[in-house]
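Asks: Before we start, here is the structure in question, set down as structure tokens.
The values are calculated or read from the model by the stated rules, or taken from the named source; none is laboratory data. This one's a predicted model, so the numbers in the text were calculated from it and none came from an experiment. Virtual Cβ from ideal backbone geometry, glycine too; neighbours counted across all protein chains shown. Surface areas here come from the heavy atoms of the whole protein model, side chains and all, with no ligands, DNA or RNA. Shrake-Rupley method; radii C 1.70, N 1.55, O 1.52, S 1.80 Å.
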Amino acid sequence: MQIKEYPALSQPPAHVPPQLVHDVDIFNLPGAKDGVHAAWKRIQTELPPIFWTPRNGGYWMATRARDILTVQNDAVTFSMRAALVPNNPRPYPAPPMDFDPPEHGSWRILISPAFSPKVVADVEHMVRQTAIDLIEGFVPRGEVEFVGEFTKVLPIVVFLTMMQLPPADREQLMPLANEIVRSPHPTKIHQARLGLKAYVEGVVADRRANPRDDLITKIINSRVAGQAIDEAHAVGMLTLLLSGGLDTVKNLLGFCAIFLAKHPEHVRQLVENPALIPHAAEELIRAHGVSLTARLVTRDTTLSGVDLKEGDQLQQFSFLVGLDEETVPDPMTIDFSRPAPIPHATFGNGPHRCPGAILAKREVLLWLEEWLKRIPQFRIKPGTVPQQDAGMVNNVSELWLSWDVED
């Protein structure tokens, strides 16, 4: 497969009006290191609702809630077959993401039951105990590098355990998953994809020889439209699932922790009224989403007065729905008394809504419950700065937290 490398700046196609060209690079976003969501909010506020960037191959960006929701709910006109920026085809088929409706539904139903409310309820004890064990391991120290010792462990161990994969394999898998959503270099992305694929091929071979009652065995023995799934589609589907399951919740937890560490008054509300935690978790999720998936425009169309052509790529920012005044008033303020339900699209909408949304919400909730029981006051460790940045997934790469320890 030939990998296409893009110039630093691409020339706009003829149908792109000059006034809609704005140089925005998701991998080098001004202000992101000081606050990713505030940096993207400035883009949403200061630039046109839909504009074209010459970076990373050149493509459209849609930043307002109304357009993002239109894109998410029209998975035929806006296909997920170009979900990554910069855009290069995967070296394997990737159902259900790369299949548009109505075919999409036949593939998605193979994985949705594995993340249903019942399954999540069944694994809640395991999630909670994992969180407790991690927290109690560092509470006596009075400090923790939250990413390395918690967010890179809890959601990944939970996900791998649910997949009946060795939790220790996270050390091998996470660098590959991170490369896919962090790198602006198509060749590095391609190699990381091949690395995940090779791992999955080994797992699939093992499951064929030693079947289990698990999702992997079920997928490789499934049928779609009456036909057995071939090896390439089974491997691609599991590789896609693995890639998505290793990164998102990790960063969501990191951003929530940064906010709480800087806002002790919000922490106090939850410590004094633990019953507020489920609602607070939803508000934190609204304001700290991480996904920036893109789409392929499959036919000429118009979106909020802007003409898009078949073959264009368009990036939609799921997390910006929850930061739009059209969605919620005063969206940059975290308000634990915000009326329910709290509208957002942190996990997407429509056919491609994240199948792991229920699990992700539960992990945030359980983290808050168990953390605040043991660490009711905490802060950014003096002398340190949280390391955060934009990318295909907004990310937190280092976060030192500290708290007082009784002698």
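Yes/no per residue for (1) more than 20 Å from the chain's Cα centre (by Cα); (2) over 29 Å from Asp404 (Cα atoms); (3) of a type outside the set (Lys, Arg):
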{"site": "Lys118", "(1), (2), (3)": "yes, yes, no"}
{"site": "Val144", "(1), (2), (3)": "yes, no, yes"}
{"site": "Ile156", "(1), (2), (3)": "no, no, yes"}
{"site": "Met162", "(1), (2), (3)": "no, yes, yes"}
{"site": "Arg170", "(1), (2), (3)": "no, yes, no"}
{"site": "Asn178", "(1), (2), (3)": "no, yes, yes"}
{"site": "Arg182", "(1), (2), (3)": "no, yes, no"}
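Asks: Among the residues that make up the stretch 325-343, is at least one of them among the aliphatic types (A, V, I, L, M), over 14 Å from the mean Cα position of the chain (by Cα) and in a helix (DSSP H, G or I)?
Replies: No, there is no match, as no residue in the stretch 325-343 is among the aliphatic types (A, V, I, L, M), over 14 Å from the mean Cα position of the chain (by Cα) and in a helix (DSSP H, G or I).
Asks: Quick one: in the stretch 1-27, of everything that is open to solvent by 100 Å² or more (accessible area, probe 1.4 Å) and out of contact with any helix residue (DSSP H, G or I) (no Cβ under 8 Å at 6 or more places or on another chain), which residue is nearest to Leu320 (Cα to Cα)?
Replies: Among those that are open to solvent by 100 Å² or more (accessible area, probe 1.4 Å) and out of contact with any helix residue (DSSP H, G or I) (no Cβ under 8 Å at 6 or more places or on another chain), it is Gln19.
Asks: Under the condition of being open to solvent by 40 Å² or more (accessible area, probe 1.4 Å) and in a loop (DSSP other than H, G, I, E, B), which residue from the stretch 102-140 is nearest to Gly236 (Cα to Cα)?
Replies: In this case the residue turns out to be Ile109.
Asks: Tell me, yes or no, whether the stretch 204-225 has at least one residue that is open to solvent by 30 Å² or more (accessible area, probe 1.4 Å), in contact with a Phe, Trp or Tyr (Cβ under 6 Å, 6 or more places away or on another chain) and either of a type outside the set (Gly, Ala, Ser) or not in a loop (DSSP other than H, G, I, E, B) (or both).
Replies: No, the stretch 204-225 has no match at all.
Asks: Being within 29 Å of Asn178 (Cβ to Cβ), of a type in the set (S, T, N, Q) and part of a loop (DSSP other than H, G, I, E, B) is true for just one of Asn88, Asn56. Which residue is that?
Replies: Asn88
Asks: Just to be sure, is Gln72 open to solvent by less than 10 Å² (accessible area, probe 1.4 Å), part of a helix (DSSP H, G or I) and at pLDDT 95 or above?
Replies: Criteria met by Gln72.
Asks: For the condition touching a Cys at 6+ places or on another chain (Cβ under 6 Å), more than 27 Å from Val76 (Cα to Cα), among the aliphatic types (A, V, I, L, M) and not in a loop (DSSP other than H, G, I, E, B), what is the one hit in Leu284, Leu270, Leu252?
Replies: It is Leu284.
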